[in-house]
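Read the structure below first, then the notes.
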Amino acid sequence: MAAKKSPCVEAQMLIRKPAKLVFEAFIDPEITKNFWFTKGSDKLEAGKTINWEWEMYNVSTQVLVKEIIPNKKISIDWGEPATSVDFEFQSIDVDSTYVVITHYGFLTTGAELLTEINDNTGGFTTVLDGLKAYLEHGINLNLIADKFPKEVVSHGQ
């Protein structure tokens, strides 16, 4: 796995599926929508700019795909101002893949940086939890949609 960048967020999870399948789950929005965003404008491909949407929150972001190493690594820039995210896939054996997501390039400092790191650590952990449930058990847990239900958010909680 890549050396840590500072400051950064790192989330990781063992997924009991082959690396090719786990990798494809992040490349193909028709799979990704089952555990992360609700809509992607296209499959990830190096050099492409893709739009990801979370329709339940009326939020979207542009993603610039910087690098793809099949079944090993996806590197993107996303958001405004852009930060970098690396998705790394380590094949443990034919049926298990260790996924590490590293998010870095934050421009904030102090309390604002701590908030960003905290939010992103929770977010990427939730993504990996949803990925595990979906790929290993075929269950869409609706984790992203349920993280901030409108009934709670609208009451300022």
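No value in this document is a laboratory result; all are computed from the given coordinates. These figures come from a predicted structure and were not determined experimentally. Neighbour counts are summed over all protein chains in view; Cβ atoms, including those assigned to glycine, are modelled from backbone coordinates with ideal geometry.
For the condition surrounded by 13 or more Cβ atoms within 10 Å (Cβ to Cβ), touching a residue at least 60 places away in the same chain (Cβ under 8 Å) and in contact with a Phe, Trp or Tyr (Cβ under 9 Å, 6 or more places away or on another chain), what is the one hit in 99, 63?
It is 99.
Consider segment 21-30. How many of its residues are of a type outside the set (Gly, Ala, Ser), closer than 17 Å to residue 97 by Cβ and in contact (Cβ under 8 Å) with a residue 12 or more places away in the chain?
Looking only at that region, the number is 6.
Under the condition of being among the aromatic types (Phe, Trp, Tyr) and out of contact with any Pro (no Cβ under 9 Å at 6 or more places or on another chain), which residue from segment 64-114 is farthest from residue 128 (Cα to Cα)?
78
Just checking, how many residues over segment 133-157 are hydrophobic (A, V, I, L, M, F, W, C), in a helix (DSSP H, G or I) and touching a residue at least 40 places away in the same chain (Cβ under 8 Å)?
So the count comes out to 5.
Restricting to segment 19-58, and then to whatever is of a type in the set (S, T, N, Q) and not in a loop (DSSP other than H, G, I, E, B), can you tell me which residue is surrounded by the fewest Cβ atoms within 10 Å (Cβ to Cβ)?
49
Looking at segment 59-99, which of the residues that are part of a strand (DSSP E or B) and acidic (Asp, Glu) is farthest from residue 15 (Cα to Cα)?
77
Got a number for residues in segment 106-132 being surrounded by 15 or more Cβ atoms within 10 Å (Cβ to Cβ) and either outside any helix (DSSP H, G or I) or among the charged types (D, E, K, R) (or both)?
4
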